[in-house]
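Take a look at the structure below.
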Amino acid sequence: MVLFLKRLLQLKLKYLAKIYIWRTNPFVIVVAGTTNRHWIKECILEALKEKGISCRGNKKNFNAEIGLPLSVLGVYSETDDDSKIRRWFNVLLKSARAAFFEKATDYLVLEMAIDKPDDMEYLLGIIKPQAAVFTTITMIYPENFSNLDEIAAEYRRLIKRLPKSGMAILNADDERIISLKEYSPARVFTYGIESPDPGFMAKDITKSLAGQEFLIQTADLKTKTVKINKFGQHHIYAELVKEVIVGGIIAKS
Amino acid sequence: MFQRTQNINLSPIKTMELLASKIPDVVSLAQGIPSFDTPEIVKKAAIKALNRGVVAKYSLTYGLLELRETIEQKLAEDGMFYDFEKEIIAVAGSIEGITATLIATIEPQKDEVIIFSPDYTSYAEAIKVAGGKPVYVNLIESSSAKASEDKNEGWKIDIADLKQKISSRTAAIMFSNPNNPTGVIFSKDDLLKIADLINGTEAFIISDEVYKDFIYLNAYSRFSLAQIPELRKKIIRIFSLSKAYAMAGWRIGFLHSDEENIKEILKIHDSLVTCAPVIAQHAAMAALDYGDREVAKFVSEFHKRRDIMCSYLDELKDFFEYQKPNGSYFVFPKIKQINTDFSLINTNKMDDNLKKMIQGSKSWQFALELLYNAHVVVVPGLAFGPAGENHIRLSFGRRQKDIEEGMRRIKKYLANSH
């Protein structure tokens, strides 16, 4: 019974999210991959907000079958507990209201999580991204994927669905991610730290107590120094993606 | 035989619970675990992980990647920036994190760890397990019962004494904040003074913040030394989900510090437990992602229970004086004008270690008196270090009806016998 209600809820949310997208027509950027989606999404949102562009992203882990449509609609349940029927009824009401009346946003920046084969197909049935960032492919769902190439196959579905006018932003340091390049109908931008020739490159990385400092070299060989107060290579990747978005989307909008 | 363990004692809290288990109809105000059950959302996440078949294998020694990413995000919300890949370890409860940290930091020529008195009872034993020597610095209890309410200064760190005790042998200064058992929240000024004192030394600060969510001050902005970037190589911060998310039995927590420290602690963590329990790691992820509302509910409930317990203590002002706790879920009243009649307690069946501990300790004798005569379990203050003597610890983390019943029994017993 609970499972049936959950499926029903999922279906209703899917169509309400589609109604919202059809009505408001936002530019959709998705961040896909098995790690580092959060910080890349945050960096993109920061770049858009800095330019005064209206945008919205998912909160917490609202990034799969139920969470993603809720993120599109800007509705958040306080938990993802699927057992409280009354709470979900309220969520459904709020979602219906949002589908028809929630104000439009120019950009939706959404983390997209898959934990089993065919999840991607389902999520792509809800949103049609114009740009997609691909982070890494690591083994985090061993029960549903027998190897990393199976996960890569899911991301292949995503990249193939990008429009010709869209953007595929690929991590050149991850071999499976960069091999998606050949399937992209959209323009491809690459970023990296370790690979010999990524389009957007970070180099001269230094770490101090205050954070990290590095040089970003863009595809047209312009350079800029970036200082951040966060630690770890994943934040450098996030800054690189931000740079791609600033140059590729924001500058043209 | 067992030379290494000769000076290591079972926690007095467990000793009291063990003694209590032999007595029928006892109310416990001793245990430091919350009365609540783990939130449903957390249990469901664990069941889901179990059914997915992802909990039978080890995780990486650091812990699940997804959990550490979540921890990094939670830390960033509190102004602490640590790399999930290299600077965070999921541990099997805070005590495992503490022990691993102590083993990693204590060296033959740097074997002293300064702890406050009173402070968490297991610190001294964990230091001894790691081959170190606990060095106590007393917290000073205010003589004004209102100090805690007015200025959050019920108990203050004796900074002069601390300064004197720091030497080339100091491996670390370790403390809980908010403090267990006093409930005091150390001021930002005092914490910065500690940081100043170790500047230029090789000592670390081990900050145990398991009660960080249980704060009952209005307009209090949470502060941790781990928020200061310049101190990141000196601070090892430890957090457990046991208290805040009612997950004591799951044995899950995390610690974080600069990469240089973490890579050394990781070696010990690997030797001790390989990795934190994987099912608990999945549960922790749900707790950190979706548990905030539950935590807020717990805090509000504990706030209410604190006031109930304090109102009983107010009625017992002839017997106790106390500082109202602003954090954690403990009150640490001082015993006054009570002459314990220890001859009434049968010590025949007690082991020698226990008898030794009890001799000359008013807090032990009073705790046993309450256990045997009022059927209420409390923790003797001496368990928390020498400055804890003449106090008892009462937990308002217990159920409200237990608090009320326990305090009623204490009140009745004291009224009739003293």
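Observations on the model:
- Breaking point among (1) within 14 Å of another protein chain (Cβ to nearest Cβ); (2) in contact with a Ser or Thr (Cβ under 9 Å, 6 or more places away or on another chain); (3) open to solvent by 40 Å² or more (accessible area, probe 1.4 Å), for A:LYS224: (1)
- Residue within region B:5-25 that is assigned to a helix (DSSP H, G or I), surrounded by fewer than 20 Cβ atoms within 10 Å (Cβ to Cβ) and within 14 Å of chain A (Cβ to nearest Cβ) present: no
- Selection from region A:143-194 of residues that are in contact (Cβ under 8 Å) with a residue 24 or more places away in the chain, small (Gly, Ala, Ser) and either crowded, with 17+ Cβ neighbours inside 10 Å or within 14 Å of chain B (Cβ to nearest Cβ) (or both): A:ALA152, A:GLY166, A:ALA168, A:ALA172, A:SER184, A:ALA186, A:GLY192
- Condition check for B:ARG68 on (1) among the basic types (Lys, Arg); (2) surrounded by 20 or more Cβ atoms within 10 Å (Cβ to Cβ); (3) without any contact (Cβ under 8 Å) to a residue 12 or more places away in the chain: one failure, at (3).
- You will find that of A:PHE100, A:PHE62, the residue that is in contact with a helix residue (DSSP H, G or I) (Cβ under 8 Å, 6 or more places away or on another chain), more than 26 Å from A:ARG161 (Cα to Cα) and not in a strand (DSSP E or B) is A:PHE100 and no other.
- Verdict on A:ALA96 being closer than 26 Å to A:ALA168 by Cβ, away from every other protein chain (no Cβ under 13 Å) and more than 16 Å from the chain's Cα centre (by Cα): no
- Checking each residue in region B:41-93 for being within 10 Å of another protein chain (Cβ to nearest Cβ) and on the phi > 0 side of the Ramachandran plot picks out B:GLY53, B:GLY79.
- Per the listing B:ASP208, B:ASP270, B:ASP258, the residue uniquely touching a strand residue (DSSP E or B) at 6+ places or on another chain (Cβ under 7 Å) and more than 23 Å from B:LYS48 (Cβ to Cβ) is B:ASP208.
- When residues in region B:100-129 are screened for being over 19 Å from B:THR201 (Cα atoms), in a loop (DSSP other than H, G, I, E, B) and of a type in the set (Asp, Glu), 1 of them pass.
- Residue within region A:227-234 that is away from every other protein chain (no Cβ under 14 Å), within 30 Å of B:LYS233 (Cα to Cα) and touching a strand residue (DSSP E or B) at 6+ places or on another chain (Cβ under 6 Å) present: no
- Among the residues making up region B:288-333, those that are under 22 Å from the mean Cα position of the chain (by Cα), open to solvent by 30 Å² or more (accessible area, probe 1.4 Å) and either of a type in the set (S, T, N, Q) or over 22 Å from B:GLU404 (Cβ atoms) (or both) are B:ASP292, B:GLU294, B:ALA296, B:SER300.
- Scanning region B:96-113 for residues that are surrounded by fewer than 23 Cβ atoms within 10 Å (Cβ to Cβ) and among the hydrophobic types (A, V, I, L, M, F, W, C) turns up B:ILE103, B:ALA104, B:ILE106.
- Extreme residue, farthest from the chain's Cα centre (by Cα), among residues of region A:118-142 that are open to solvent by 50 Å² or more (accessible area, probe 1.4 Å) and within 14 Å of chain B (Cβ to nearest Cβ): A:PRO142
- Number of the condition not met by B:ILE338 [criteria: (1) within 14 Å of chain A (Cβ to nearest Cβ); (2) modelled with pLDDT under 95; (3) open to solvent by less than 50 Å² (accessible area, probe 1.4 Å)]: (1)
- Residues located in region A:66-91, provided they are away from chain B (no Cβ under 14 Å), open to solvent by 20 Å² or more (accessible area, probe 1.4 Å) and modelled with pLDDT of 80 or more: A:GLY74, A:PHE89, A:ASN90
The values are calculated or read from the model by the stated rules, or taken from the named source; none is laboratory data. Being a predicted model, the structure only gives us computed values, none of them experimental. Cβ sites come from the backbone with ideal geometry, for glycine too, and all protein chains shown count toward neighbours. Note: areas computed on protein heavy atoms with side chains; ligands, DNA, RNA excluded. Shrake-Rupley method; radii C 1.70, N 1.55, O 1.52, S 1.80 Å.
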